[in-house]
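For reference, the structure discussed in these notes is given below.
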Amino acid sequence: MNFDLLKKDIIAYSKEIGIDKIGFTSASAFDEMKNRLIRQQELGFQSGFEEKDIDKRVYPDLIFNKPKSIIAIALAYPSKMKDASQSKKGARRGLFARASWGRDYHDVLREKLSQLEAYIKERVPEAVCKSMVDTGELVDRAVAERAGIGWSGKNCAIITPEFGSYVYLGEMITNLPFEPDEPIEEGCGDCNLCVDACPTGALVQGGQLNAQKCIAFLTQTKGFLPDEYRSKLGNRLYGCDTCQLVCPKNKKMDFHLHEEFEPDPEIAKPLLQPLLHLTNREFKDTYGHVSGSWRGKKTIQRNAIIALAHYKEESAVPDLIYLMKEDPRPVIRGTAAWALGKIGAPEGKAAIETQLVHEKDLDVRAEMEKGLAFFEQINI
């Protein structure tokens with residue numbers, strides 16, 4: 001078997017099926033990444049969503065029998081939304097991050113990798129492949145960097161010369177000995193804009209992220225959002241794009257190459273108040289196809305409540321009073337009470353005081369007290 005020729009054929013086929021960039025690397029250990037992951041663990045900077053076993057993340061031979069190579073792929077996604085409605089008083093809107101626009105990228109990339117795997121097995125029947133997207137053991141960014149897809153930016157994203165950092169990543173371990181590609185030279189230089197712009201200081205330094213402080217992570221947590229981050233959330237419902245938006249390498253980068261990733265403005269930038277009253281079925285039917293729905297309805301609704309507080313949207317006060325009184329979920333009741341205080345309408349104060357007598361949950365009562373404290377600050 002001429003693996004150099006097969007590699008060229010795989011590259012050509014990848015373009016036919018809509019893979020925007022492909023690279024090859026060895027299946028040797030990611031030793032440098034192991035040291036970084038150990039340090040992240042020691043500092044408590046991990047999100048908790050990662051594979052717990054660090055060795056599995058850096059040693060391909062622990063998750064695949066006698067691996068020879070890894071194929072990395074990248075698909076570009078758009079950075080600008082067409083025909084997006086503006087948020088305005090009485091009709092405030094939230095925002096899903098760009099990586100959650102359109103159809104769930106996990107599904108799309110898995111389909112591309114499945115097509116690629118079928119092509120390889122057609123050419124080499126004895127080929128064995130293992131594909132993964134985001135939730136697999138390996139670190140997507142480390143594989144993509146070593147395979148020449150792009151360099152690892154100070155914002156902890158892979159930055160490609162062609163598409164900036166607006167790319168989804170996936171990889172496939174194989175038992176075939178493909179010639180590795182050369183990594184791309186680091187291109188951030190002295191630029192530190194992303195680190196300086198991070199709303200919560202989660203980018204500790206270039207290339208080092210404290211995931212526990214990252215808004216993209218915080219929007220996916222399920223409990224009460226820590227007080228110090230609520231004012232930082234803005235109108236974000238899922239994810240955060242700040243470190244990508246300020247990156248000079250992303251200037252004028254906006255690619256609409258895949259219909260699956262085109263956003264529906266009413267889903268990617270939805271009205272906030274209707275979100276508060278969605279049933280589970282309505283949420284699944286409307287948002288179930290986007291990656292930002294994976295943590296469920298409650299998390300998005302909690303973020304929507306915080307966004308309404310950010311806007312001080314008084315038209316939402318009746319909705320928030322209803323949630324505070326009637327919703328069975330403590331996180332929603334408590335966040336609604338806090339938001340009523342943040343908005344500052346007198347009827348909100350009266351409602352909190354009345355409901356405080358009946359509320360049994362200690363965490364919710366604490367949020368009610370926080371809400372009432374806002375009124376004391378403005379002497380209502």
Test: residue in the range 127-145 that is closer than 30 Å to K52 by Cβ, in contact with an Asp or Glu (Cβ under 7 Å, 6 or more places away or on another chain) and among the β-branched types (V, I, T): yes
Here are the criteria: (1) free of Cβ contacts under 8 Å to residues at least 12 places away in the same chain; (2) outside any loop (DSSP other than H, G, I, E, B); (3) not aliphatic (A, V, I, L, M). Tell me which single one E145 does not satisfy. (1)
Which residues, taken from the range 81-114, are surrounded by fewer than 16 Cβ atoms within 10 Å (Cβ to Cβ) and over 17 Å from the mean Cα position of the chain (by Cα)? K82, D83, A84, S85, Q86, K88, K89, G90, A91, E111, S114
Within the range 206-244, tally of residues that are without any contact (Cβ under 8 Å) to a residue 60 or more places away in the chain, assigned to a helix (DSSP H, G or I) and of a type outside the set (S, T, N, Q): 6
Residue count, the range 266-285 (criterion: free of Cβ contacts under 8 Å to residues at least 60 places away in the same chain and closer than 20 Å to K80 by Cβ): 0
What is the one condition in (1) surrounded by fewer than 20 Cβ atoms within 10 Å (Cβ to Cβ); (2) of a type outside the set (A, V, I, L, M); (3) at pLDDT 95 or above that Q377 does not satisfy? (3)
Pairs only if they're at least six apart or on different chains, beta carbon under 8 angstrom, first in the range 78-95 and under 20 Å from E259 (Cα atoms), second among the aromatic types (F, W, Y) and outside any loop (DSSP other than H, G, I, E, B); list them, first residue then second. P78/F261
Given the conditions (1) out of contact with any Asp or Glu (no Cβ under 6 Å at 6 or more places or on another chain); (2) of a type in the set (S, T, Y); (3) crowded, with 17+ Cβ neighbours inside 10 Å, and given that S152 satisfies all but one, which numbered condition is not satisfied? (1)
Quick check on the range 146-153. Is at least one of its residues modelled with pLDDT of 95 or more, among the hydrophobic types (A, V, I, L, M, F, W, C), closer than 25 Å to G102 by Cβ and within 19 Å of the chain's Cα centre (by Cα)? no
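The values are calculated or read from the model by the stated rules, or taken from the named source; none is laboratory data. Since we're looking at a predicted model, the values are computed, not measured. Because the Cβ atoms are built from the backbone with ideal geometry, glycine has one as well, and the counts that use them run over all protein chains shown.
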